[in-house]
Amino acid sequence: MPINTILITLVALLIFGYFLGRKRSLAVAGSTAKGYSDLHSLPSYYGYMVAVWAGIPALIILLIWSAFSSSIVTSMTISGLPEQMQAQSKQQLGLVMNEIKNLANSGLIANETDPIKQAAAEHYQKLTHINTMAKTVVVFVIALIGLVLAMRLIKPETRARNIVEGVIRWTMIICASIAILTTVGIVMSVLFESLLFFTSVSPIEFLFGTKWSPQTSIRTDQVGSSGSFGAIPLFVGTMLISAVALCIAVPVGLMSAIYLSEYANKNIRAFAKPTLEILAGIPTVVYGFFAALSVAPFIRNLGESIGLDVASESALAAGLVMGIMIIPFVSSLSDDVISAVPQAMRDGSFGMGATKSETIRQVIIPAALPGIVGGILLAASRAIGETMIVVMAAGLSANLTINPLEAVTTVTVQIVTLLTGDQEFDSPKTLAAFALGLGLFVTTLVLNIVALHIIRKYREQYE
Amino acid sequence: MNEILETLPGTTTQSLQSDEPKPEAKTRDEFDVEIDGTVGQPFVDNPKMSSRNCDVFYAEKQAIFDVNVDIGRNEIIAMIGPSGCGKSTYLRVLNRMNDTIPICRTTGTHTLDGEDIYAKDQDPVLLRARVGMVFQKPNPFPKSIYDNVAYGPRLHGLTSNRSELDDLVEASLTKAGLFKEVKDDLQKPGTGLSGGQQQRLCIARAIAVDPEVILMDEPTSALDPIATAIIEELMDDLKESYTIAIVTHSMQQAARVSQRTAYFHLGRLVEVNDTDKVFTNPEHQLTENYITGRFG
Ligand SMILES: Nc1ncnc2c1ncn2[C@@H]1O[C@H](COP(=O)(O)OP(=O)(O)OP(=O)(O)O)[C@@H](O)[C@H]1O
Ligand SMILES: [Mg+2]
């Protein structure tokens, strides 16, 4: 049976097991002549218990089997090949195996001219078939054993409720670990590829170099084959644009949050809050062309009219638009925490003869600070990771500048340009993307740690 | 005072176990007594604060009906009455805290030292510095103990340099009976204190701006008996320099700390009299019902 059929049948078996367990528990309880009031748990828990016993071991076996069977089948097929073929290099062997697999899956073995491959494909097919059969049988046998065992376990004093509780707890733990493990996996892979990159480009050059031009030639006889990978301009560009964006988003977001929570009446709030949040829902590509086609030319014209030299793609344009985009991150979170400051704080301050704005500045903002910092950092990491707006409005040239009127580029944009188009997978140019990704990751990580630290320190002080 | 306490029902379980028939069965019409103006002596000579024809509305709903009362100088006046009868609302009239509730509307004439506090040119913010308030739940700001007490003086620019401010903070904490306990922890957060200490911190905060009147809305209802006793003692000291209006649900407390007692009922001021008189020989039937526990 193919794997989905196995799964569906298994589920059917579990449902069957559930009803069986339930019924059995009622029967067991009935035999004590006291009704089933002496059951430790509700009958449905016995049903769940049986289903769990039948399902979980079988599922685990199925998973393990599926994970390892294909490589075992492959190696068995290879060992059936003639000696001289086995002696080939790994890559070539892999190619041959691919061919054989395709042949076996296509069902056109008879058309193959090479008798060795034909034989191997048949061999492979046979092995696969046996494998599937064995898998099906083993899984169902285990499911049935589990079911029977669980049925025998059902007695009035069996603590089915606690068993189910434990299973649920472990399910939660596993789900949580999946998220964590995925993160770890991504970090590891980025780290590994970055290390590869650092074998061809020295970390010193990457971290402290001020020239970024990753164009390496494919043939060694081309000119300018080396490429230079100084990431400083990219990180400075990222910081510059994020700083511009935060300069817009923090004051505007915070003020609107304060207005919404402290001054606006219910009707205005009901209308304005969702409207503000829509800003976060606009696709970044829309912001991007807005920035490139409307804001950048506007800034350029404005700059020219007061005698400033503004590039047609400027960090300022990208930063401004990005700032608008991340306003809701600041305002929405801040608004929530400001509204959560207890009324008693306000009363206390008003009762001391403070005005509204004094109360806001001296009592409400300090009380809401952890949440506000959280919102700002969220907005900051959003700004650092933003790509589309920058691609469209800030340009691709890796200038090392802190003048927002010039074109700059950012880490994310360079990752995009490095990985778009046909690439060799192990050229420094491609691997540089991983190193950049690692850099971004570390930056946001540090940002988060700092934020947590601030918040914790604050909490300690005021809770 | 002891005799009064003994006549009070709240402390003893007697009234719960007594063989008397349930009050409501017997005295339905006792509660339908007409409230026709305030009985007793609501007015005093040379009052610190006074209210005439006070009505308060929350949107359409009227919460206070025609209250007329004076608060004498350096006295503690207790305001008692069943829950929801408008004690807090009336108290908040006196420092215009009701202004912070958009739907709330206050009418009548209210004076502090003969000066109309609801006059057009009166700034409620300045008024609240003269009429301080302590709330039911201790609400120290999320700041250090020092900054909590210094909050008002800094707002109103009461001191010109740091050492004056230090002195003022120390003096206020001392008056509130808290200085000894916290003198080494002035920079620690005020929210880290115990409930009773927090409430005394709030009192210190209120007296730091040297108000003329202190309004207290159930200041001890969140505290244990020992913390309550400390604060009651404190109030006795404070009345030397301040006028205090206290809302309380504890009739023992009203009897212990106040000189005059005002009984509110369904938004009306039923009776104001000397505390001794209210608790031994109330003039109004409703007051008697309430203090003998035959209400609610
Ligand atoms: N913010 C408000 N909005 C609307 N109505 C209110 C508001 N505050 C109080 N009220 C109403 O005004 C009336 C008097 O309330 P108030 O809080 O003054 O009573 P209280 O005597 O202090 O009661 P308690 O002893 O329970 O504190 C009540 O009916 C209450 O529902
Ligand atoms: Mg109240």
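Nothing in this text is a laboratory measurement; each read-out follows from the coordinates by a stated rule. Just so it is clear, the structure is predicted and the values come from calculations on it, not from any experiment. Every residue, glycine as well, gets a Cβ built from its backbone with ideal geometry; the counts of neighbours run over all protein chains shown.
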Candidates B:E283, B:E60, B:E218, ranked by Gaussian network fluctuation over chain B, Cα under 10 Å, top entry:
B:E60
Rule-of-thumb check for segment B:157-296: C-alpha Rg over 2.2 N^0.38 Å?
1.23
Is there a simple number for the mean count of other chain Cβ atoms within 10 Å of the Cβ of residues in B:97-110, and what is it?
1
Taking N as the number of residues in the protein assembly as shown, what is its Cα Rg relative to 2.2 N^0.38 Å?
1.43
Beyond 23 Å, what share of the Cα-Cα pairs of segment B:83-184 remains, rounded to the nearest whole percent?
41 percent
What is the projected area of the convex hull of the Cα atoms of segment A:352-435, averaged over all directions, in nm²?
8.8 nm²
What size of dipole, in debye to the nearest 20, comes out for the protein assembly as shown about its Cα centre when the only charges are +1 on Lys and Arg C-beta atoms and -1 on Asp and Glu C-beta atoms?
2980 debye
Backbone HN-Hα couplings from phi across segment B:213-224 [Karplus 6.51/-1.76/1.60, Hz, Gly and Pro as x]:
10, 10, 9, 10, 9, 6, x, 10, 6, 9, 10, 7
5 Å is the cut-off here: which amide hydrogens, built 1.01 Å from N in the peptide plane, fall below it relative to B:A262, excluding neighbours closer than 5 in sequence?
B:A78, B:M79, B:I80
Have a look at A:M188, A:V285, A:Q362 and report the one farthest towards the positive end of the charge dipole of chain A, computed about the Cα centre with Cβ charges (Lys/Arg +1, Asp/Glu -1).
A:Q362
Protection-proxy order for peptides A:255-267, A:52-64, each taking the mean of Cβ atoms within 10 Å per residue, highest first:
A:52-64, A:255-267
Computed over the Cα atoms, what is the radius of gyration of segment A:307-382 divided by 2.2 N^0.38 Å, N being its residue count?
1.53
I'd like the Karplus ³J(HN,Hα) series for segment A:332-346: coefficients 6.51, -1.76, 1.60, θ = phi - 60°, whole numbers in Hz, and an x wherever there's a Gly or Pro.
5, 5, 5, 4, 4, 6, 5, 5, 7, 5, x, 4, 4, 5, 5
Computed magnitude of the charge dipole of segment A:357-439 (debye, nearest 20; Cβ of K, R +1, Cβ of D, E -1):
280 debye
Is there a quick way to get the dipole size of segment B:117-178? I mean about its Cα centre, with the Cβ of Lys and Arg at +1 and of Asp and Glu at -1; what is the value in debye to the nearest 20?
280 debye
Name the residue from A:A58, A:N399, A:A257 whose Cα lies farthest towards the positive end of the charge dipole of chain A, charges +1 on Cβ of Lys and Arg and -1 on Cβ of Asp and Glu.
A:A58
Quick one: which residues, 5+ away or cross-chain, put their amide H under 5 Å from the amide H of B:V39? H built at 1.01 Å from N.
B:E271, B:V272
When you take every Cα atom in segment A:228-462, what is the radius of gyration, and what is Dmax, the widest Cα pair distance, in Å?
20.3, 70
A:H40/A:V138 FRET efficiency (R0 30 Å; Cβ-Cβ; nearest 0.05):
0.35
Shielding of B:44-53 by partners, i.e. mean partner chain Cβ atoms within 10 Å per residue?
0
Grab every C-alpha pair in segment B:152-191, bin the distances at 10 angstrom width from 0 up to the longest one, and report whole percents.
28, 54, 18
Take B:D66, B:D123, B:D45 and order them by how many other Cβ atoms sit within 10 Å, fewest up front.
B:D45, B:D123, B:D66
Out of the DSSP beta bridges found with both residues in segment B:210-296, what percent are antiparallel (nearest 5)?
55 percent
Separation of alpha-carbon centers, segment B:262-279 and segment A:331-390, rounded to whole Å:
44 Å
Counting other Cβ atoms within 10 Å, which GluC sites (Glu not before Pro) in segment A:81-164 have at most 14 and lie in a DSSP loop?
A:E157
Would you mind ranking B:Y118, A:Y46 by Cβ crowding within 10 Å, fewest neighbours first?
B:Y118, A:Y46
Full-stretch length increase - A:A67, A:H453 - with 0.36 nm per residue and alpha-carbon distance subtracted:
134.8 nm
If we restrict to alpha carbons, what Rg and Dmax does segment A:3-158 come to, in Å?
23.6, 76
Over the protein assembly as shown: helical MRE at 222 nm, DSSP H runs n ≥ 4 each giving -39500 (n - 2.57), nearest 500:
-19000 deg cm²/dmol
Protection proxy ranking of B:146-158, A:311-323 - average other beta-carbon atoms within 10 Å, highest first
A:311-323, B:146-158
Restricting to the protein assembly as shown, compute how many DSSP beta bridges are antiparallel as a %, nearest 5.
55 percent
Which whole number gives the average count of other chain Cβ atoms within 10 Å of the Cβ atoms across peptide A:358-368?
3
Once Rh for segment A:355-394 is found with the Kirkwood sum over Cα pairs, what is the Stokes-Einstein diffusion coefficient at 4 °C and 1.567 mPa s, in µm²/s?
106 µm²/s
Burial ranking of peptide ranges B:209-215, A:39-45 (average Cβ count within 10 Å, highest at the top)
B:209-215, A:39-45
Kirkwood Rh over Cα pairs of chain B into Stokes-Einstein at 10 °C, 1.306 mPa s: D in µm²/s?
79 µm²/s
List every residue whose amide H lies under 5 Å from the amide H of B:I64, counting only residues 5 or more places away in sequence or on a different chain, with H placed 1.01 Å from N in the peptide plane.
B:V56
